[in-house]
Amino acid sequence: VYPPLSIPLGDVDELFDVKNAYYIGSYQQCINEAQKVKPSTPEKEIERDMFLYRAYIAQRKFAVVLDDIKPSSSAELQAVRMFAEYRSSENKRDAIVADLDKKMAKSVDAANTTFLLMAASIYYHEMNTDAALRTLHQGDSLECMAMTIQVLLSLDRVDLARKELKKMQEQDEDATLTQLATAWVNIAVGGEKLQDAYYIFQEMSDKYSSTLLLLNGQAACYMAQNKWEEAEGVLQEALDKDSSHPETLINLIVLTQHLGKAPEVTNRYLSQLKDAHRAHPFLRDYLAKENEFDRLTMQYAPTATA
Amino acid sequence: MLTKFETKSARVKGLSFHPKRPWILASLHNGVIQLWDYRMCTLIDKFDEHDGPVRGIDFHKQQPLFVSGGDDYKIKVWNYKLRRCLFTLLGHLDYIRTTFFHHEYPWILSASDDQTIRIWNWQSRTCVCVLTGHNHYVMCAQFHPSEDLVVSASLDQTVRVWDISGLRKKNLSPGAVETEVRGISGVDLFGASDAVVKHVLEGHDRGVNWAAFHPSMPLIVSGADDRQVKIWRMNESKAWELDTCRGHYNNVSCAVFHPRQELILSNSEDKSIRVWDMSKRTGVQTFRRDHDRFWVLGAHPNLNLFAAGHDSGMLVFKLERERPAYAVYGNMLYYVKDRFLRQLDFNSSKDTAVMQLRSGSKFPVFSMSYNPAENAVLLCTRATNLENSTYDLYSIPKECDSQNPDAPEGKRSSGLTAVWVARNRFAVLDRMHSLLIKNLKNEIVKKVQVPSCEEIFYAGTGSLLLRDADGVTLFDVQQKRSLATVKIAKVKYVVWSADTSHVALLAKHVFQSVPSAIMICNRKLESLCNIHENIRVKSGAWDESGVFIYTTSNHIKYALTSGDHGIIRTLDLPIYVTRVRGNSVYCLDRECRPRVLTIDPTEYRFKLALVNRKYEEVLHMVRNAKLVGQSIIAYLQKKGYPEVALHFVKDEKTRFSLALECGNIEVALEAAKALDERSCWERLGEAALLQGHHQVVEMCYQRTKNFDKLTFLYLITGNLAKLRKMMKIAEIRKDMSGHYQGALYLGDVSERVRILKNCGQKSLAYLTAATHGMDEEAEALKETFDPEKETVPEVDPNAQLLQPPPPINPLDTNWPLLTVSKGFFEGAIAAKGKAGQMAADLDMDAPGGEGWGEDAELQLDEDGFMDAQDGLGDDGGVGKEEGGGWEVEEDLDLPPELDMPAGAGGGTEDGFFVPPTKGTSPTQMWCNNSQLPVDHILAGSFETAMRLLHDQVGVVNFGPYKSLFMQTLSRGRTCYLGLPSLPCLRGHPQRNWKDCGAKQGLPAVGLRLSDLIARLQQCYQLTTAGRFEEAVERFRAILLSVPLLVVDNKQEIAEAQQLITICREYIVGLTMETERKKLPKDTLEQQKRLCEMAAYFTHCSLQPVHMVLVLRTALNLFFKLRNFKTAAGFARRLLELGPKPEVAQQTRKILAACEKTPTDAHQLNYDPHNPFDLCAASFVPLYRGRPVEKCPLSGACYCPTYKGQVCRVTQVTEIGKDVIGLRVSALQFR
């Protein structure tokens, strides 16, 4: 005979499914869950909406966000709207950033984590990592830390990323975000950690559902371990889910070459990418490199001509 | 102790296991003998002839017999097949306590309260010997299992051992019958010499109730009213007491040796069964009942089964679980056997011990959970007292010696069950029934509050199944909440499908009251089906098609998720399924031996295909499998697939009824024709009528000679001609009323009149004729009336004409039916003919294979390369050395990076946040770590890459390299997504990722020498096809790629260089040939130039296939130019290459012609005997010793005038440039 046990309700995050779906990149599911859940408090309701709209942003459905969030909406949602506006129109970006700079210059409500996240996201897109990190530094939520880690990794500061990760792990080691951040750091660290990173992605797709985010994570791990055939399976699955997902295409460009496939195969993926995602950083870099190549070529010439 | 079966009855005084079948006999105090099937838990039979308690009971080992002895002084021998007592042996003068068969001779041994032991011959049905000597009741007497000995126990406090060899000799000697006859008359006289007391064992100080021999050792165990169990040893001359087991606190009723282990079992009136360790003489287990005194024990001769009889029934039990602990991952089975963890590779059947387990527990491993990521196992051990259960966490050693595996230090903690929930976490259900999550160090990470829970099971990453009293709950460990619950009591095992999409919950069997249950649920724990088994369900596994294969005590069965289930085959002994693949069931048996059983999966595959509506599979099986059977047909009918069943059936009768059932008139007609039975035609007629298929209806009526119905059919279909015919037939048949009816239907009045007249209905005939205005006829009839006797009837003046309506449009086709799309089966059957054509198509395709064969041949030509690839294996050592060399240089590069302020990112102490500076990216490291151009391109450092290519191989024109550069760059970095809506993070695949650490990285190259070599094939094919310009382009692409290789050893460096040479030779030769073809050939000089170039071409190093072509061209040109001497040279070279027969023949002819006039008509700039290089720009020979300029990459030769220009072969390098040389391996920098 054992004492009857019951689940303490306070321990359960009622928005778990919403958040979890968002972080693992299952945006439609996030939206579905958000529409299903009945938040118990007004704060939770705002939090739910925040994830709902961010999921729309991740799906590039900016109009929904811009239309839905009214000037009367809460400060958190305004921040989300700002990010949506930034993402939606290229020509307004400078103005939005200037406006944001002004806001940041004044004292910021550090409790409005959403604002910090959105501001940092904009700065990160602007490649202004300093400002992004400065902004994130003011927050202490798991997501702020996760974003800090991402920025640090893009700066190749694995050492600092690991420190930040340690903080996350102290706060909640099992949280989805902590797990994901662990995987990012592990990929950057490389070596034996790659397998750990792989397991994190794989376990999540096992447990929840396999998303493009998780699949590309797995593929990155495989490729970092030179397991090209294995990566092919994962990327194929990703391609089946969405045939024009830019990161999948980029990874396929890498993969097909390592598998020794004909150059035409690789070029097909490159063309697809050029077709659908002109503004992707990868292509920006690619074009810049082409120009650089042409410029450098000029420096060489034969001593005699026929 | 595990109770397998229990009965409730009057007091059980005797028990006997059947040696082969799952049966046990129980003799009861109320005179009844029961025969039970303990596996099916059913009472098979009852034998009620004894008067009063039955104490002795024993199965015969071979015959369908058993013997019983009771308080009615009777020994009865029964045949359980005939279900009756065969005969009764009389002789004892008091209660009979035990009766046993001899294992070999036709003897029965009985012990009685009359103080005697008797031996009976059950064939002659006589007493052959009486053993006297005990001076109180003899409670038990048993034969020795192999020797001529008997042991007996008596209330006179002794145990006696008797030698009965005399009796055996007497019975086996010739003339035994005679002796026996003599024996019968003189039992008392000769008994003494037949059986003598050998040993008298004294030691018990109260009456002895039971004594038994050890099955193999010279030991005896006895139990007595002094509450002791004693072990005795004996030899030829004496017997002595070995030890005493004390513990029972009332009379010991029975004591037996464990047939296979060093254990003794005893039971007693103190209501307990005790198990004793023979060597330690200590009690190891005690099993108590509340109210029932125990009276008897039985041990199964072959299985680990025991039975005990008590005041209110009996129980069949095992001492310990025989289920091995195992876990399956991928192709590997892990299982515990004899303190070893073993690993079985299903594919190779390689079975190895991977580690030795820590000893210390007397209990076997109960369950196992395996973690493939960390190669670790959790082994749970369950103690009798659950609270003392423990688990061990082991990390399986990576390498092991199977003969003498390591015994790694495990981590042991207390806990009921431990299962993995993630690669680095496991859950433990502790003895307080709370849930702990632990890490790989066995440290508690967190405690989770769970709903009441008595057992936990694996449920995929991050989840568990929790079992409580009446259900199973899917619990998310991370969120700490229940996700779903399903009601099912006493789940014992949980089996997940490989993709964890389905789970089978196997629930416990509680004797007859609660049958075993299998519930199949999906991932969300929604119940899909429930299956009940009257017999214990032992184990199960999912096959690759999603069918659950499970075993009961005596069957292998299947279950579909739809709930369909059935028997696949029977089993002699229980097995534990570990995996199912195709028609192989992998399992462990009770001895923990891995076995593979073959099953016929056709039936469940078939049903699965039906459920999934995969009709082409169904059809395939119908056509190819030997599935046909009444059960399948019945199944199909029951499940509503008569159309499928139809295709199974050859038996026309079944076919007919199935066809009717699915309304397939054609098939039914076919079957009816074959059967040609009246009842069939009738049924078919009915069915066809319902469908309006009146042509078939007509045929049916015809066959059944149902004229009435046929006539009516013709009427309603307006078929007047046939209707008239029917009328004629009726006339012939003398069927008057049918005939008349026909006439009525036809509206044929004169016929009616005729009929009426013929049958003597004169007045009716007259009336008919008169009414219809057939005056002549009426008149004639009227005259026949005799006015005396007959009156001419009045014609109704108001008569109305009654005529059947004439058919406007006779129905000669069937009634229109709705067009039903043909079912798959009909279509498939109809397509039978087409299938044949398909097969033919395949044959047509077959010759295509030869094309492949040719390819293979082509590959064989490149022997050099094949060998080279073989050599790939032996370069490991070299590569490593080189790595070491690099490290030295690396250290020199390092310091600047170490200068980076460590606290750059952490300057928070002052309250100001100082953003960190950028770190060193892996791509920068790549540039630092390598001097190979490709590493720099991959790193995106085009500037340094170009510098390297310039310095190493003299590239000055980078234009053609652009696409190679861009392509290479694009494979340098992968992508992975961090947070949503943020730019992705970049991964850096490195070729030395395993041991490069943070600073020594080098990029994964992605361009392999073998790939380039493979690409040669394409170029060769283009060359053969004569597409020279394309071929040149491809050769050049290969050539340009060579400097972008990274190889590991000298051999590969040499191969890379060889590859360049091949490309160069082809490019030079093919460009020259292209050039030659463009040249005019009008003048002799021009023709001479053409011949020269053709001759030079033969000096390029080409594949034999191509050389043959080149030589033939040159040969032809020179022959035409009448330069026979040189032509003959070409001809000889050509023949040396062994061309095709017809080419060889022609060549020989030309050669013969040339040899007639071995001279050259014209002087050419070609001397085949003087070695030369060919200028790749001007295509003139550069004979040895003349100045030559070379291309630094391709090695193509040029006249010195071309120095400084771009190489014609590579189109990127500068001719005659001074360079370092090709660098494709770190080896070249040492």
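The values are calculated or read from the model by the stated rules, or taken from the named source; none is laboratory data. Only a predicted model underlies this, so the values are computations on that prediction, with no experimental measurement involved. Neighbour counts are summed over all protein chains in view; Cβ atoms, including those assigned to glycine, are modelled from backbone coordinates with ideal geometry.
Computed quantities for the displayed model
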{"quantity": "Tabulated pairs, segment B:579-597, first under 16 Å from B:ARG569 (Cα atoms), second among the polar types (S, T, N, Q), C-beta under 7 angstrom, 6+ apart or interchain", "calculated": "B:ASN583/B:THR598; B:SER584/B:THR598; B:TYR586/B:THR578; B:CYS587/B:THR578; B:VAL596/B:SER584"}
{"quantity": "Subset tally (residues that are surrounded by fewer than 18 Cβ atoms within 10 Å (Cβ to Cβ) and facing another protein chain (nearest Cβ under 7 Å)) for segment B:998-1010", "calculated": "1"}
{"quantity": "Candidate set from segment B:1164-1209 (those that are acidic (Asp, Glu) and within 26 Å of B:ALA1127 (Cα to Cα)); member that is farthest from the other protein chains (Cβ to nearest Cβ)", "calculated": "B:ASP1167"}
{"quantity": "Pick from segment B:950-959, criterion more than 7 Å from every other protein chain (Cβ to nearest Cβ) and assigned to a helix (DSSP H, G or I), ranking: surrounded by the most Cβ atoms within 10 Å (Cβ to Cβ)", "calculated": "B:VAL953"}
{"quantity": "Failed condition for B:PRO1139, given (1) touching a strand residue (DSSP E or B) at 6+ places or on another chain (Cβ under 9 Å); (2) assigned to a loop (DSSP other than H, G, I, E, B); (3) over 30 Å from B:ILE937 (Cα atoms)", "calculated": "(1)"}
{"quantity": "Residues located in segment B:255-269, provided they are under 48 Å from the mean Cα position of the chain (by Cα) and buried (at least 18 other Cβ atoms within 10 Å of the Cβ)", "calculated": "B:ALA255, B:VAL256, B:PHE257, B:HIS258, B:PRO259, B:ILE264, B:LEU265, B:SER266, B:ASN267"}
{"quantity": "Count of residues meeting criterion [of a type outside the set (Lys, Arg) and either modelled with pLDDT under 90 or assigned to a loop (DSSP other than H, G, I, E, B) (or both)] in segment B:313-327", "calculated": "5"}
{"quantity": "Number of the condition not met by B:THR500 [criteria: (1) at positive phi; (2) away from every other protein chain (no Cβ under 14 Å)]", "calculated": "(2)"}
{"quantity": "Residue list for segment B:1111-1125, filter: surrounded by fewer than 24 Cβ atoms within 10 Å (Cβ to Cβ) and either in a helix (DSSP H, G or I) or at positive phi (or both)", "calculated": "B:ARG1112, B:THR1113, B:ASN1116, B:LEU1117, B:PHE1119, B:LYS1120, B:ARG1122, B:PHE1124, B:LYS1125"}
{"quantity": "Test: residue in segment A:97-105 that is surrounded by fewer than 16 Cβ atoms within 10 Å (Cβ to Cβ) and either under 16 Å from the mean Cα position of the chain (by Cα) or in contact (Cβ under 8 Å) with a residue 60 or more places away in the chain (or both)", "calculated": "no"}
{"quantity": "A:LEU194 vs. criteria in contact with a His (Cβ under 7 Å, 6 or more places away or on another chain) and at the interface with chain B (Cβ under 8 Å from one of its Cβ atoms)", "calculated": "no"}
{"quantity": "Residue list for segment B:927-949, restricted to those being within 9 Å of chain A (Cβ to nearest Cβ) and either touching a strand residue (DSSP E or B) at 6+ places or on another chain (Cβ under 8 Å) or without any contact (Cβ under 8 Å) to a residue 12 or more places away in the chain (or both)", "calculated": "B:GLU943, B:MET946"}
{"quantity": "Helices (runs of 4 or more DSSP H) enclosed by segment A:31-132 - at least 1 residues per element that are away from chain B (no Cβ under 14 Å) and among the acidic types (Asp, Glu)", "calculated": "A:42-58, A:62-68, A:75-88, A:93-105"}
{"quantity": "Candidates B:ARG412, B:ARG425, filtered to the one that is touching a strand residue (DSSP E or B) at 6+ places or on another chain (Cβ under 9 Å), surrounded by 15 or more Cβ atoms within 10 Å (Cβ to Cβ) and farther than 24 Å from B:GLU320 by Cα", "calculated": "B:ARG425"}
{"quantity": "Residue among B:PRO793, B:PRO805 that alone is exposed (fewer than 15 other Cβ atoms within 10 Å of the Cβ) and under 19 Å from B:LEU723 (Cβ atoms)", "calculated": "B:PRO805"}
{"quantity": "Hits in segment B:1045-1093 - residues which are farther than 30 Å from A:HIS258 by Cβ, among the aliphatic types (A, V, I, L, M) and part of a helix (DSSP H, G or I)", "calculated": "B:VAL1068, B:LEU1070, B:MET1072, B:LEU1084, B:LEU1090, B:MET1093"}
{"quantity": "Filtered residues of segment B:316-339 (kept if of a type outside the set (Ser, Thr, Tyr), surrounded by 15 or more Cβ atoms within 10 Å (Cβ to Cβ) and farther than 26 Å from B:VAL275 by Cα)", "calculated": "B:ALA327, B:VAL328, B:MET332, B:LEU333"}
{"quantity": "Residue selected from segment A:230-267 under the condition within 11 Å of chain B (Cβ to nearest Cβ) and among the hydroxyl-bearing types (Ser, Thr, Tyr), by the criterion surrounded by the most Cβ atoms within 10 Å (Cβ to Cβ)", "calculated": "A:THR248"}
{"quantity": "Among residues of segment A:162-178, those that are within 9 Å of another protein chain (Cβ to nearest Cβ) and under 24 Å from B:PRO916 (Cβ atoms), counted", "calculated": "3"}
{"quantity": "Residue within segment B:913-931 that is in contact with a Phe, Trp or Tyr (Cβ under 9 Å, 6 or more places away or on another chain) and more than 27 Å from A:ASN186 (Cβ to Cβ) present", "calculated": "yes"}
{"quantity": "Qualifying positions in segment A:151-186 - assigned to a helix (DSSP H, G or I), farther than 22 Å from B:GLN478 by Cβ and either in contact (Cβ under 8 Å) with a residue 12 or more places away in the chain or of a type in the set (S, T, N, Q) (or both)", "calculated": "A:VAL151, A:LEU152, A:LEU153, A:SER154, A:VAL158, A:ALA161, A:ARG162"}
{"quantity": "Positions within segment B:1209-1230 being in contact with a Ser or Thr (Cβ under 7 Å, 6 or more places away or on another chain) and farther than 19 Å from B:ILE937 by Cβ, in sequence order", "calculated": "B:VAL1209, B:GLU1214"}
{"quantity": "Hits in segment B:960-986 - residues which are more than 7 Å from chain A (Cβ to nearest Cβ) and touching a Leu at 6+ places or on another chain (Cβ under 8 Å)", "calculated": "B:PRO960, B:TYR961, B:LEU964, B:THR968, B:GLY972"}
{"quantity": "Matching residues in segment A:268-293 - criterion: being more than 8 Å from every other protein chain (Cβ to nearest Cβ) and touching a helix residue (DSSP H, G or I) at 6+ places or on another chain (Cβ under 8 Å)", "calculated": "A:TYR269, A:GLN272, A:LEU273, A:LYS274, A:ALA276, A:HIS277, A:HIS280, A:LEU283"}
{"quantity": "Test: residue in segment B:484-495 that is more than 7 Å from chain A (Cβ to nearest Cβ), of a type in the set (A, V, I, L, M), over 16 Å from B:ALA517 (Cα atoms) and under 28 Å from the mean Cα position of the chain (by Cα)", "calculated": "no"}
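Residues checked against (1) surrounded by fewer than 19 Cβ atoms within 10 Å (Cβ to Cβ); (2) modelled with pLDDT of 90 or more:
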position: B:GLY462; (1), (2): no, no
position: B:ASP468; (1), (2): no, no
position: B:LEU474; (1), (2): no, yes
position: B:VAL495; (1), (2): no, yes
position: B:THR500; (1), (2): yes, no
position: B:ALA504; (1), (2): no, yes
position: B:VAL510; (1), (2): yes, no
